[in-house]
Each structure stands twice: as structure tokens, then as C-alpha cells.
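Trainee: Provided herewith is a single structure, encoded as C-alpha cells, for subsequent inquiry.
None of the figures in this text is laboratory data; all of them are computed from the coordinates on show. These numbers come from a predicted model, not from an experiment. Cβ atoms come from the backbone with ideal geometry, glycine included; neighbour counts cover every protein chain shown.
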Amino acid sequence: MRRVNRGLVAAILFVIIFLLMYFFRSAKPVYQRDEGFIFGTVYHVTYRYDKNLLSEIQRELEAFDLSLSPFNEASVISKVNRNESIEVDDWFRAVFLRSKEIYKSTGGAFDPTLSPLINAWGFGFKNGDTITPVMIDSLLEIVGMNKVELKGGRVIKEDNRVTLNFSAIAKGYATDVIGKFLEKKGITDYLVEIGGEIIAKGKNPKGELWSVGISKPQEENDVQNSDIEEIIRFTDAAVATSGNYRNYHLVNGRKVAHTIDPASGYPVRHSLLSATVMAPDCMTADAYATAFMVLGVERSKEILAAEPELDALLIFASKDDTLGNEYYMTPGFAKRVREN
């Protein structure tokens, strides 16, 4: 039997291991880029994985729709709004409880029971009729998250006319849900965007932080062709933007913003044009962006000072029309901009 040259074998193994290490280091990670349609809007998902997950992502979003879409008659939330006897699922429970918390922390500015007033002003399921103070006062009686509770998995209403609509938080939560879905697959580098609500983790295909553009609040720009106000780079965080500058209509010849103040029942009238909020999760960012559009600049600043997990960019109209728009950034948000 021929004697094995151990030194030669060791050298060959070393070469093989070296080549394998070189190959894996030099091989570029595979990023998937998926796009689809859900909740009446487009979504985009970019993630590092060796196979495509579009069909699974779509199924997850459709299941989510069956829980929280008020436009789906078979959804859990639609059954709750019809006062059917139903035990809610985990998605509904999570968004209900977080909505309660943010309702309290914003002094009622974030309120998912606002649908009757949104409809009355023509921004909901139907066009608004003639608005009168008596009508507003009547509708305010069935508005308020303090009028609903969750007990034993069931929604208990103070008045059966109270309805829930989580549209101002559900897209953000759905973004989080898809992020968690990807993480269960072992994916650590991804960006999920649903209708402008975004969560990002890890690195982008270039091995850098994810870059996101924030639109200028200009009426004439559509979403696809809007000018960019700022570009931020970030990871391990979520971003959501809310604004009044595109979503409005005329009532008695006057522009009416789509953001309704739950305290007065009337559309807000202040200088804040858009609020972009960064938070650890997109559900939180989405809800606070909506609340800030109700609260205006100064009250939003107060909340930002009291909530260290939040960062924000507030864009508002200058008191002097010739100066254009002004903006306020928290230090944490400004840091993301300055990295560009």
C-alpha cells in the first residue's frame, strides 16, 4: 500500500479552504426586489435571500387585510363595526392596544373612531353632505377611543354606533408584520415599504445604510414625480409621513384638509404641511405622523421632547409667504440627514 504524503494532503486542503473562503467573501449577496398591490396602494420589498418570497408576502398581506381592512366586508374589523359577536385576532388586538396608548399620549389627537366625521367631510366611504354645527355636535357623541374597550378578546362599545378605522396606523403595522415575517426566515437585511410607510433593517444591496427621500409638500407634485425635500440614511428604524397638501377638497369655495381634529370635529387649520416621524416600529411612526398633523407644530414639538424614541421632520408654512416653507428637525433626525 502506498504511503500517504500527509504534508501534500494538508497543503491541498489548505488551498481548497482558501479558495472556498475567497469565493464566499467575493460572492455578492443576492437581493430580491418584490412589488405588489394591497390596501389600495403599491408595496415594495427588498431583502437579501437566496429565493423569492413574493407569493408568501402577498398571502401574509391578504391575511392581514382580512383582519383590519374596513373596506373588506369579511374582515374582523368590519364585523366589529357591525356589532357582530366575534373574538378578535392577534393583529387586531395589537393595533387596538397600541392605538389606545397613542390616543392617550396625544391627548386624543390620534383617534381611530373618527370615521363618522371623516365621512361627513367627504374623505371616507361616502361624499359629505352639507355640514352644520348641529351635525358635528351629534357625530362627536360617537367619537372617542375612550368609548371602546377590549375585554376577553371582544370589543365592548359604550355606544353601538361607534366604529373603528385603523387606516392611520394599519399600513405602518402591516409594514412591521412583513418585516417580522422576513426575520422569521432568517433575513437580516431588508426594506419594506407599503404606501410610503417604511421599515428598514441591516444594509442595502451596496452594503450601506438604506436611503429614503422625503417629498416636498407641494400641491402640484404627484407622488411619483414629487421633488425631494431631504434624503435620509438609516437602518433598524421605521419612517412614516403624513400631510395635508395633496388630500383636500373644496367646501363652500374653501380648501378643506383631510385631517380632522377629534376635539372640534372640524378640519385642522394650522401651518403644518407634513410630518415625517422616525420610530423603532412603523406602527408607532404612522400613528404619530397622523397625530402631529392634528396637533400642529408647537404641540408636536412638546410630544417629541417627551418621547425620546421618536424623531421627526416637521415642514410648515412660513408666516411670511415670500419666505417659502420652514422646517423643524429633532437632533436625531438631523443626524440622519447630515450623513448624506
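Per-residue answers, yes or no, for (1) out of contact with any helix residue (DSSP H, G or I) (no Cβ under 9 Å at 6 or more places or on another chain); (2) free of Cβ contacts under 8 Å to residues at least 24 places away in the same chain:
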{"residue": "Val268", "(1), (2)": "no, no"}
{"residue": "Met293", "(1), (2)": "no, no"}
{"residue": "Glu309", "(1), (2)": "no, no"}
{"residue": "Ile315", "(1), (2)": "yes, no"}
{"residue": "Leu323", "(1), (2)": "yes, yes"}
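Trainee: Moving on to the next point. Condition check: touching a helix residue (DSSP H, G or I) at 6+ places or on another chain (Cβ under 7 Å) and surrounded by fewer than 23 Cβ atoms within 10 Å (Cβ to Cβ). Does Leu150 satisfy that?
Mentor: In short, yes.
Trainee: To continue, here is another question. Out of (1) loosely packed, with under 15 Cβ neighbours inside 10 Å; (2) closer than 24 Å to Lys184 by Cβ; (3) without any contact (Cβ under 8 Å) to a residue 12 or more places away in the chain, what's the single condition that is false for Pro29?
Mentor: So Pro29 meets the others, but not (3).
Trainee: Say whether the condition of being within 14 Å of Gly153 (Cα to Cα), within 19 Å of the chain's Cα centre (by Cα) and not charged (D, E, K, R) is met by at least one residue in the range 50-57.
Mentor: no
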